[in-house]
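Asker: Sharing a structure, written as structure tokens. Questions coming.
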Amino acid sequence: MTEIQESPFGGGAFTPSAEDRESIEAWFALYDAHSAKGDVERMADMAMFPLNVVTDGPDGDGLADRWTRERFTSTMAEVMGGGGPGEIEMRSVRTPHFLTANLAVVVTDATVTTNGQTYEMRYADLLTKSGGRWVFQTMVQGGWADAWKEAPASA
């Protein structure tokens, strides 16, 4: 019987500590606070640019793009500007999947209520550590391809 070896490139099974999980929870608590205020500049401070965005559309075609900080802040300001601060309620359940101590894919199941309408969504973020702190580098959410195709191209 052959014994399974860990890859010489790393990336073997990583078991996060309670502190690792808490650091992700704290990161999202801060990000959510900025989001609730519509503070897209502070949200952008928590990202690594260029930022990868991945989505799909109703036609089944996927779209991947790389956004500058300017593209992120302008798109998020437009997306978040409809309801205004305090008019959006979001409840999230997040499930982090640690690849290593410094890389985590976090799947979020969220319920958003705005203007009397409730929506459910699922999305994922790839977080990495940079300078000893978590930042998000990739956003993945279905259904945005048409809107992103119409937005100004990345600089």
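Asker: Starting from the Cα-Cα distance between GLU41 and GLN141, subtract it from 0.36 nm times their residue separation and give me the gain in nm to one decimal.
Answerer: Value of the extension gain: 33.9 nm.
Asker: What ranking do 113-124, 88-99 get when scored by the average of other Cβ atoms within 10 Å per residue, highest first?
Answerer: Top of the packing list down: 88-99, 113-124.
Asker: So, with +1 on the Cβ of K and R and -1 on the Cβ of D and E, and no other charges, what is the size of the charge dipole of segment 18-148 about its Cα centre, to the nearest 20 debye?
Answerer: 360 debye
Asker: Please work out how much length the chain gains when fully extended from GLU70 to GLU19, using 0.36 nm per residue of separation minus the C-alpha to C-alpha distance, in nm with one decimal.
Answerer: 15.1 nm
Asker: In debye, nearest 20: dipole of segment 28-100 around its Cα centre with unit charges on the Cβ of K, R (+) and D, E (-)?
Answerer: Using Cβ point charges on Lys, Arg, Asp and Glu, segment 28-100 gives about 300 debye.
Asker: Given axes a ≥ b ≥ c from the Cα gyration tensor, I'd like to know whether segment 18-148 is rounded (a/c under 1.5), prolate (a/b larger than b/c) or oblate.
Answerer: Here segment 18-148 falls in the rounded category.
Asker: What distance in nm separates the simple spin-label points at PHE9 and LEU99, each placed 7 Å from Cα in the Cβ direction?
Answerer: 1.1 nm
Asker: What distance in nm lies between label points placed 7 Å from Cα along the C-beta direction at ALA110 and GLU89?
Answerer: Calculated label separation equals 1.6 nm.
Every number in this text was worked out from the coordinates using simple rules, so none of it is lab data. Computed from a prediction, not measured in an experiment: that's the story for all the values here. Heads up, the Cβs are rebuilt from the backbone with ideal geometry, glycines too, and the neighbour counts pull from every protein chain shown.
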